[in-house]
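Chemist: One structure coming up, written as structure tokens, with questions to follow.
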Amino acid sequence: MIADFLKQETKNLHDLLESKMLVEHIMARSLSRQQFGHILQTHFVVHQHIEPKIKAMFSGELQERLKWDARAKTPLLQQELIENQLSQPDPIDFETHINNTDQALGAMYVLEGATLGGQIIQRSLRMNSNFAENKFPYYNIYGGDTGQKWKEFLGILEENTQIPKDVLNGAEQVYSIYLKATDVFVEAK
Ligand code: HEM
């Protein structure tokens, strides 16, 4: 199963990113609004950069099967920046190479997988008084359908994978630009 292969091969990257995305503050309900802003800006610059590159590698039929528009997260992150009176960061020209469907599927695996943790993250943030007014449109993109949307994505990933190491390469590229983005937005401040 390609999903098991990806999970195993990217576990260390996930755990490193989780810690750089302030999981301890999130779970301790001590995350500040400023830190939340930095996390949102990190998600925004990565999605703004990579979503168009992923979509460009998918046929019209695959975009339809994925229900691409319902999964695109850049517009939600843009909305969430506005709702939190945060400036929209300038695009970062990360060096990524998404040149085939396999790499694009791997890249999307990371963005879709993040919705799983998103459910846990927003549950914890809702118990943090700093976020009493927040609706969390990005973390809550699929709401109660998160598990179902993940299963559907894994089914399409399994059916369309040609070369597993290319899929892994796409996933690793996204984790690496996330880690670079946290250095710009989260660590520095
Ligand atoms: C504070 C931050 C985070 C927490 C607490 C968190 C937590 C989780 C949890 C609980 C799962 C489900 C694991 C399972 O089913 O075994 C998960 C899966 C995943 N997360 Fe995170 N996550 C965080 C950040 C991220 C970020 C920033 C990304 C990437 C942008 C990410 C990407 C993924 C992926 C790809 C999976 C699917 C793994 C798989 O089952 O194949 N996570 N995360």
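The values are calculated or read from the model by the stated rules, or taken from the named source; none is laboratory data. Everything numeric in this text was worked out from a predicted model, so none of it was measured. Cβ placement follows ideal geometry from the backbone for every residue including glycine, while neighbour counts extend to all protein chains displayed. Surface accessibility is based on the protein's heavy atoms, side chains included, excluding ligands, DNA and RNA. Shrake-Rupley method; radii C 1.70, N 1.55, O 1.52, S 1.80 Å.
Chemist: Relative contact order, percent, of region 86-174 when contacts are C-alpha pairs under 8 Å separated by at least 6 residues?
Modeler: Working: 64 pairs, mean separation 46.9, N = 89.
It rounds to 53 percent for region 86-174.
Chemist: Remind me, relative contact order of the chain in percent, using alpha carbon pairs under 8 angstrom and six or more residues apart?
Modeler: Value for the chain: 39 percent.
Chemist: Related question: Rounded to the nearest 10 Å², what accessible area does Ile82 have for a 1.4 Å probe in the complete protein model?
Modeler: 120
Chemist: Given Cβ point charges of +1 (Lys, Arg) and -1 (Asp, Glu) and nothing else, what value in debye, to the nearest 20, does the dipole of region 52-121 about its Cα centre take? Could the numbers behind the result be given before it?
Modeler: Working: 6 positive and 10 negative charges, 42 e Å.
With only Lys, Arg, Asp and Glu charged at Cβ, the dipole is about 200 debye.
Chemist: So, with +1 on the Cβ of K and R and -1 on the Cβ of D and E, and no other charges, what is the size of the charge dipole of region 102-166 about its Cα centre, to the nearest 20 debye? Could the numbers behind the result be given before it?
Modeler: Working: 6 positive and 8 negative charges, 79 e Å.
With only Lys, Arg, Asp and Glu charged at Cβ, the dipole is about 380 debye.
Chemist: Ok, one more. Efficiency by 1/(1 + (r/R0)^6): what FRET value for Ile92 and Glu24, r their Cβ-Cβ distance, R0 = 22 Å, to the nearest 0.05?
Modeler: E between Ile92 and Glu24, to the nearest 0.05, is 0.30.
Chemist: Also, I was wondering about something else. Could you check how much of the accessible area of region 52-187 is carbon and sulfur, as a whole percent, using a 1.4 Å probe?
Modeler: That fraction is 51 percent.
Chemist: Oh, and also: Rounded, prolate or oblate for region 17-111? Axes are the square roots of the Cα gyration tensor eigenvalues, ordered a ≥ b ≥ c, and the cut-off for rounded is a/c under 1.5.
Modeler: Because a/c hits 1.5 or more and a/b exceeds b/c, region 17-111 counts as prolate.
Chemist: Next question. Using helices alone, I'd like the mean residue ellipticity at 222 nm for the chain: each DSSP H run of four-plus residues gives -39500 (n - 2.57), total over residue count, nearest 500. Display every interim value, and only then the final one.
Modeler: Working: 9 runs with 128 residues, N = 189.
Taking each H run of at least 4 residues, the total per residue is -22000 deg cm²/dmol.
Chemist: Quick check for me: using +1 on Lys/Arg Cβ and -1 on Asp/Glu Cβ, what's the dipole size of the chain about its Cα centre, in debye to the nearest 20?
Modeler: I would put it at about 560 debye.
Chemist: Right, next: Among Pro137, Trp150, Pro164, whose Cα sits farthest toward the positive end of the charge dipole of region 121-169 (+1 at Cβ of Lys/Arg, -1 at Cβ of Asp/Glu, about the Cα centre)?
Modeler: The Cα lying farthest towards the positive end belongs to Pro137.
Chemist: Averaged per residue, what accessible area in Å² does the chain show with a 1.4 Å probe, protein chains only?
Modeler: In whole numbers, the chain has 50 Å² accessible per residue.
Chemist: Given that compact globular proteins tend to follow 2.2 N^0.38 Å, what is the ratio of the alpha-carbon Rg of region 52-189 to that value?
Modeler: It is 1.11.
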